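These notes are about the structure you will find just below.
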Amino acid sequence: MRKNDVYYYENPVRVLSYSSCVGKKEGEGPLGGCFDVVASDDRFGQQTWEQAEKAMVQTSLRGALHKAGLDHGELGCVLGGDLLNQCVSTSYAVRDLKARFFGLYGACSTMAESLVLGGALISGGFEGKALCTASSHFCSAERQYRYPLEYGGQRAPTAQWTATASGSVLLTSEEKGKVAVTRGMAGRIYDPGVTDAANMGAAMAQAAYETLRSYFATTAEDPASYDLIVTGDLASIGRDLVLELAKDDGIDFDGRYTDCGLMLYDREAQDVHAGGSGCGCSAAVLCGHILPEMERGALKRVLFCGSGALLSPLTTSQGESIPGICHLVCLEAV
């Protein structure tokens with residue numbers, strides 16, 4: 001059932017398993033002990049950065065399947081994407097699975113987008129299992145969006161660090177697992193007119209806030225209905241803007257709101273400027289920290305909100321502003 005932009009999943013959508021794989025820098029952060037695989041070499045034994053990202057995605061995909069005790073033939077479909085042109089990291093990683101594949105691009109909102117759509121496919125009875133995934137790699141993203149690492153360009157204080165990370169969540173229609181996806185929300189594009197590609201937090205903040213505001217209005221709930229509300233990835237700049245917008249509208253998050261870009265790294269010790277970003281940032285925080293916390297009962301209800309900056313190097317060079325989007329899923333401990 002849909003009410004406004006919120007999908008209510010009337011049939012069960014459960015998290016059957018999940019897996020995460022991250023790079024060396026991410027493994028040195030505050031959540032380093034939470035991830036399934038932490039690479040000692042960000043090349044993941046490959047010759048190029050793009051091949052390294054593919055290998056990272058394969059690791060998280062296979063990890064989720066292994067935890068569920070499934071082989072490739074038992075998988076219904078895969079939904080996911082990354083930051084590279086044509087989502088090649090994900091499509092190349094999925095090609096050996098021989099599963100139905102939905103390639104998605106929502107920038108940093110991709111993990112939430114995949115869960116919204118995967119939940120709809122399962123609740124609607126179209127799929128029995130759906131593997132949702134997202135990834136990013138610092139080195140491949142830098143080469144595509146900015147400059148190769150060899151250039152040694154300076155980073156602005158508002159810039160975010162693209163996470164080398166991947167997360168995969170296997171959804172099922174069976175009443176198994178300790179976490180359910182009960183609602184999803186399709187985001188709308190908002191463009192506050194930001195043109196600085198080094199300040200994506202400011203570009204995405206309005207979209208994130210509008211999604212949250214609309215969700216609370218539709219469901220007649222407020223932040224107190226949730227143990228945790230998390231965006232990904234606005235980092236410090238965008239997070240503070242969301243709090244300002246909420247305060248102007250009289251919405252009190254009461255310390256329940258944070259951002260995945262602030263959870264993945266230690267900003268004081270790791271020099272990531274405003275914080276983390278990239279499709280893999282929120283995906284890894286979800287699979288490495290949030291879902292385990294829900295399974296052990298520390299979190300009962302969580303709003304997971306993926307926020308993305310819908311820009312490209314071409315649009316930036318042409319002087320275009322940066323539109324933002326934010327998709328949302330409600331996760332509940334069973």
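The values are calculated or read from the model by the stated rules, or taken from the named source; none is laboratory data. Since the model is a prediction, treat every value here as computed from it, not as a measurement. Cβ sites come from the backbone with ideal geometry, for glycine too, and all protein chains shown count toward neighbours.
Okay, here's what the table says:
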read-out	value
Test for Ala55: is it buried (at least 22 other Cβ atoms within 10 Å of the Cβ) and part of a helix (DSSP H, G or I)	no
Failed item in (1) surrounded by fewer than 24 Cβ atoms within 10 Å (Cβ to Cβ); (2) of a type in the set (A, V, I, L, M, F, W, C); (3) at pLDDT below 95, with Ala217 passing the rest	(3)
Some residue of segment 112-126 being touching a His at 6+ places or on another chain (Cβ under 8 Å), touching a residue at least 40 places away in the same chain (Cβ under 8 Å) and either of a type in the set (Gly, Ala, Ser) or surrounded by fewer than 24 Cβ atoms within 10 Å (Cβ to Cβ) (or both)	yes
Scope segment 64-83; condition in contact with a helix residue (DSSP H, G or I) (Cβ under 9 Å, 6 or more places away or on another chain) and either part of a helix (DSSP H, G or I) or under 30 Å from Arg143 (Cα atoms) (or both); matching residues	Ala64, Leu65, Ala68, His72, Glu74, Val78, Leu79, Gly80, Gly81, Asp82, Leu83
Elements of type helices (runs of 4 or more DSSP H) contained in segment 225-283, each with 1 or more residues being among the basic types (Lys, Arg)	235-248, 267-270
Residue that is nearest to Val116 (Cα to Cα) [pool: residues in segment 177-200 that are modelled with pLDDT of 95 or more and not in a loop (DSSP other than H, G, I, E, B)]	Gly184
Test: residue in segment 149-160 that is outside the structural domain of Ser317 (by TED's automatic domain parsing), closer than 26 Å to Leu97 by Cβ and not aliphatic (A, V, I, L, M)	no
Residue list for segment 17-55, filter: aromatic (Phe, Trp, Tyr) and either closer than 15 Å to Gly167 by Cα or within 18 Å of the chain's Cα centre (by Cα) (or both)	Tyr18, Phe35
Cβ pairs under 8 Å, 6+ apart, first in segment 317-334 and on the phi > 0 side of the Ramachandran plot, second in a loop (DSSP other than H, G, I, E, B)	Gly319/Thr195
Identity of the residue in segment 83-111, buried (at least 20 other Cβ atoms within 10 Å of the Cβ) and of a type in the set (Val, Ile, Thr), that ends up nearest to Ser282 (Cα to Cα)	Thr110
Matching helices (runs of 4 or more DSSP H) fully within segment 84-176 where at least 2 residues are in contact with a helix residue (DSSP H, G or I) (Cβ under 8 Å, 6 or more places away or on another chain) and among the charged types (D, E, K, R)	138-145
Residue that is at positive phi and either out of contact with any Lys or Arg (no Cβ under 7 Å at 6 or more places or on another chain) or assigned by TED's automatic domain parsing to the domain that holds Glu53 (or both), where the choices are Ala246, Ala208, Ala186, Ala220	Ala220
Residues within segment 233-268 that are closer than 20 Å to Phe35 by Cα and either of a type in the set (A, V, I, L, M) or without any contact (Cβ under 8 Å) to a residue 24 or more places away in the chain (or both), tallied	3
Failed item in (1) within 29 Å of Tyr18 (Cα to Cα); (2) surrounded by fewer than 24 Cβ atoms within 10 Å (Cβ to Cβ), with Asp240 passing the rest	(1)
Sole residue being in contact with a His (Cβ under 9 Å, 6 or more places away or on another chain) and either closer than 21 Å to Gly177 by Cα or among the small types (Gly, Ala, Ser) (or both), chosen from Ser60, Ser19	Ser19
Those residues of segment 60-72 which are more than 17 Å from Phe102 (Cα to Cα) and surrounded by fewer than 24 Cβ atoms within 10 Å (Cβ to Cβ), in sequence order	Arg62, Gly63, Leu65, His66, Lys67, Ala68, Gly69, Leu70, Asp71
